[in-house]
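Remarks on the structure that follows.
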Amino acid sequence: MNHPSLKQLIYDYFNLNHCSIHTEGEKTTVHLTKEMDQLLMNRPFYWHYQDMMKQEGIPLQLDLSFSPLNRTNNNSLIQLGSDLFMKIYADAIEKGRFTNLYQIIQTDKQTALYPWLIITVKITYKGDYHEENMHSLAINLIKGTIIDHAFNHFSNDEWSNQISDYCYVLTPLIRIENGYQRIMKCLTEQLSYKKHIWARYAYENQQKHLAYFDSMDKNDETELENIKANYQPSIIYKIVNCGIFHCS
């Protein structure tokens, strides 16, 4: 991630969390909210005392530097892997796991919005071969239609957390849980159609290592289990985020 992209990401994060930002040259000052102070500034005893005294407390301001050349004892360096960046990243991932958005529509007549459940899944192919990729699918919770590459499909529209004037949402006929199950079934079927040559190679390598292990006449159960685990081909799903997108 280059310097401008990182800076914009941090600015967006603090703006979305209702913190005011002041910039002057290379200096960036963030006036934290109480929630952000508690999350980022590591002052649990201060806030515990304020709560005991039934006082509001005063959030700190955070001076940021995006380059080691501008780093001083009075500011915090933001770069990939830094402690502060990792705290921000973890919080952004957690808060971004679910969203509820409405398509922005300029209209002067009653317009129905259809609910779509969109799920982003990280798929990990594990064996002696290792690969990860992201996959997004969506299901129309009225009609049951499923589309692949969902974010590409919806990326040309503008979205808001407030519904546009004259628009109304349709009540889902498919429960979110059932929609999720249908999407995962569709994804599993897609993967089952692939040949997965990598899995065959992983299994063959596993058998070669097990045969070599047996030929050495070893009796190390831990090493045996490690060989089986390291070369056992598997596909792992992990839900990265999901949301309900209402669109016409």
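The values are calculated or read from the model by the stated rules, or taken from the named source; none is laboratory data. Computed from a prediction, not measured in an experiment: that's the story for all the values here. Cβ sites come from the backbone with ideal geometry, for glycine too, and all protein chains shown count toward neighbours. When the accessible area is computed, the model is the full protein with side chains, heavy atoms only, and any ligands, DNA or RNA have been set aside. Shrake-Rupley method; radii C 1.70, N 1.55, O 1.52, S 1.80 Å.
Numbers below:
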item	result
Hits in the stretch 56-88 - residues which are hydrophobic (A, V, I, L, M, F, W, C), out of contact with any strand residue (DSSP E or B) (no Cβ under 8 Å at 6 or more places or on another chain) and either modelled with pLDDT of 80 or more or open to solvent by less than 30 Å² (accessible area, probe 1.4 Å) (or both)	Ile58, Leu60, Leu80, Phe85, Met86, Ile88
Members of the stretch 7-55 found to be surrounded by 13 or more Cβ atoms within 10 Å (Cβ to Cβ) and hydrophobic (A, V, I, L, M, F, W, C), listed by number	Leu9, Ile10, Phe14, Cys19, Ile21, Val30, Leu32, Met36, Leu39, Leu40, Met41, Trp47
Residue under evaluation Ile163, criteria (1) closer than 27 Å to Ile118 by Cα; (2) part of a helix (DSSP H, G or I), criterion not met	(2)
Residue pairs meeting the criteria (Cβ under 6 Å; at least 6 apart or on separate chains; first in contact (Cβ under 8 Å) with a residue 60 or more places away in the chain and of a type in the set (D, E, K, R), in the stretch 158-169; second part of a loop (DSSP other than H, G, I, E, B) and open to solvent by less than 100 Å² (accessible area, probe 1.4 Å))	none
Selected residue [on the phi < 0 side of the Ramachandran plot, part of a helix (DSSP H, G or I), surrounded by fewer than 16 Cβ atoms within 10 Å (Cβ to Cβ) and among the polar types (S, T, N, Q)] from Asn156, Asn152	Asn152
Residues located in the stretch 112-134, provided they are of a type in the set (D, E, K, R), in a strand (DSSP E or B) and surrounded by 15 or more Cβ atoms within 10 Å (Cβ to Cβ)	Lys126
